[in-house]
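**Q** Please read through the structure below; I'll follow up with questions.
The values are calculated or read from the model by the stated rules, or taken from the named source; none is laboratory data. These numbers come from a predicted model, not from an experiment. In this analysis, Cβ positions are derived from the backbone assuming ideal geometry, glycine residues included, and neighbour counts consider all displayed protein chains.
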Amino acid sequence: MIQLLMLLVLIIFVLVGVAFFTLFERKLLGYIQLRKGPNKVGLSGVLQPFADAIKLFSKEHLPPSYSNYIPFLVAPCFSLGLALLVWSSTPSQFNLFSFNTSILFFLCCMSLGVYSLLAAGWSSNSKYSLFGALRGVAQTISYEVSLVLILLVPLLVILSYELSLFSIFQTEMWFILLFPLNSIIWLISCLAETNRTPFDFAEGESELVSGYNTEYSSGGFALIMLGEYTSILFMSFLFVLIFLGGMGGLMFIMKLMFMAFVFVWVRGTLPRFRYDKLMYLAWKSFLPFSLIYLLTMGGLFIILF
């Protein structure tokens with residue numbers, strides 16, 4: 001009962017963090033584009049995320065007439081559920097779910113996210129949604145391969161699948177200094193994995209309208225957006241944990257906020273890539289580099305140890 005209660009508290013904190021992250025993103029994009037951003041609801045727009053949530057969840061839900069109704073309803077809930085479930089693998093002082101294969105659990109949850117994306121596009125029974133879902137699935141699967149290969153290099157150092165050990169092994173030197181190229185490719189792969197600019201092709205092209213979520217409105221759309229922003233926060237948390245010294249005190253919160261700022265900064269700065277260049281980057285650049293780097297580091301560790 002205590003573990004379930006603590007998991008519920010963790011979910012509430014994550015959802016509140018997502019709400020303020022959306023406000024932070026809209027404010028920062030506003031200043032990048034020389035405008036104020038939301039500033040009407042509450043003090044300087046602080047209550048704007050909650051007003052948006054009330055508006056979205058109170059609107060009438062109108063599913064398409066020819067949609068597959070059950071998968072259409074389940075897909076957004078499954079997407080948000082997975083994004084929240086993966087937070088249970090995070091190390092904490094309270095030993096919420098302290099298991100020694102937390103990295104494998106994260107990779108499994110990340111892979112399962114493809115099914116919710118595909119179900120949302122297919123069940124809408126709309127060619128625009130299906131095109132967006134197919135592009136999103138191809139993009140996610142492509143970058144998962146390089147993401148896993150990049151992760152294997154720091155795992156050679158800690159020789160464990162437990163996330164909490166990253167903090168112990170980085171007391172003297174951060175892994176971003178040991179593996180600088182790895183950390184850059186991991187960050188780019190995270191942007192592609194979470195469908196963020198400049199890799200938001202699932203909803204970016206004119207022929208796709210709004211991607212796999214074209215037919216969603218009200219609560220369904222809100223759940224999809226919550227799942228997406230929850231994944232962004234978790235990827236920021238994971239980057240800090242693996243490459244920026246791990247957990248610990250106020251400095252950890254500052255590093256986490258900086259990584260969230262980087263996600264928004266990239267969105268406000270970079271233009272969108274072409275889709276063929278995205279796939280070329282994944283299969284012709286990141287994958288060969290990740291394989292060669294992993295084999296090189298593996299051979300080096302065998303020779304040294």
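**Q** Sort through SER236, SER290, SER231 and tell me the only one that's at negative phi, out of contact with any Leu (no Cβ under 8 Å at 6 or more places or on another chain), in a helix (DSSP H, G or I) and of a type in the set (S, T, N, Q).
**A** Answer to the check: SER231.
**Q** Of everything in region 158-175, what is under 25 Å from the mean Cα position of the chain (by Cα) and under 13 Å from MET247 (Cα atoms)? Give them in sequence order.
**A** LEU163, SER164, LEU165, PHE166, SER167, ILE168, PHE169, GLN170, TRP174 - these are the residues of region 158-175 that are under 25 Å from the mean Cα position of the chain (by Cα) and under 13 Å from MET247 (Cα atoms).
**Q** Residues in region 251-265: is at least one touching a residue at least 12 places away in the same chain (Cβ under 8 Å) and farther than 30 Å from ILE158 by Cα?
**A** The answer is yes; a qualifying residue exists.
**Q** Please specify each residue of region 66-80 satisfying the condition of being buried (at least 17 other Cβ atoms within 10 Å of the Cβ) and under 19 Å from VAL18 (Cα atoms).
**A** Correct list: PRO76, PHE78, SER79, LEU80.
**Q** Now a separate question. Please list, ordered by residue number, the helices (runs of 4 or more DSSP H) wholly in region 117-222 having 1 or more residues that are crowded, with 17+ Cβ neighbours inside 10 Å, among the hydrophobic types (A, V, I, L, M, F, W, C) and free of Cβ contacts under 8 Å to residues at least 24 places away in the same chain.
**A** Where helices (runs of 4 or more DSSP H) fall fully within region 117-222 and carry at least 1 residues being crowded, with 17+ Cβ neighbours inside 10 Å, among the hydrophobic types (A, V, I, L, M, F, W, C) and free of Cβ contacts under 8 Å to residues at least 24 places away in the same chain, they are 127-158, 165-169.
**Q** Would region 270-277 turn up any residue that is modelled with pLDDT of 85 or more, assigned to a loop (DSSP other than H, G, I, E, B) and under 18 Å from the mean Cα position of the chain (by Cα)?
**A** No.
**Q** For region 92-101, check the following and say yes or no: at least one residue is surrounded by 15 or more Cβ atoms within 10 Å (Cβ to Cβ) and within 30 Å of LEU159 (Cα to Cα).
**A** Yes.
**Q** Only one of MET259, MET235, MET254 is surrounded by fewer than 22 Cβ atoms within 10 Å (Cβ to Cβ), under 23 Å from LEU80 (Cβ atoms) and of a type in the set (A, V, I, L, M, F, W, C); which?
**A** Answer to the selection: MET259.
**Q** Could you check region 267-285 and list, in sequence order, the residues that are farther than 30 Å from ARG26 by Cβ and among the basic types (Lys, Arg)?
**A** Result: LYS284, single match.
**Q** Can you name the residue in region 243-259 that is over 19 Å from LEU147 (Cα atoms) and aromatic (Phe, Trp, Tyr) and is also nearest to the chain's Cα centre (by Cα) among such residues?
**A** It comes out as PHE258.
**Q** Could you say which residue among LEU130, LEU134, LEU163 is out of contact with any strand residue (DSSP E or B) (no Cβ under 8 Å at 6 or more places or on another chain), of a type in the set (A, V, I, L, M), farther than 24 Å from ARG274 by Cβ and at pLDDT below 90?
**A** LEU163
**Q** Among the residues of region 11-65, write down those that are exposed (fewer than 11 other Cβ atoms within 10 Å of the Cβ) and within 22 Å of PHE237 (Cβ to Cβ).
**A** ILE12, the sole residue that qualifies.
**Q** Something else now. Looking at ILE158, ILE184, ILE141, can you tell me which residue is closer than 20 Å to PRO91 by Cβ and either touching a Cys at 6+ places or on another chain (Cβ under 8 Å) or aliphatic (A, V, I, L, M) (or both)?
**A** ILE158
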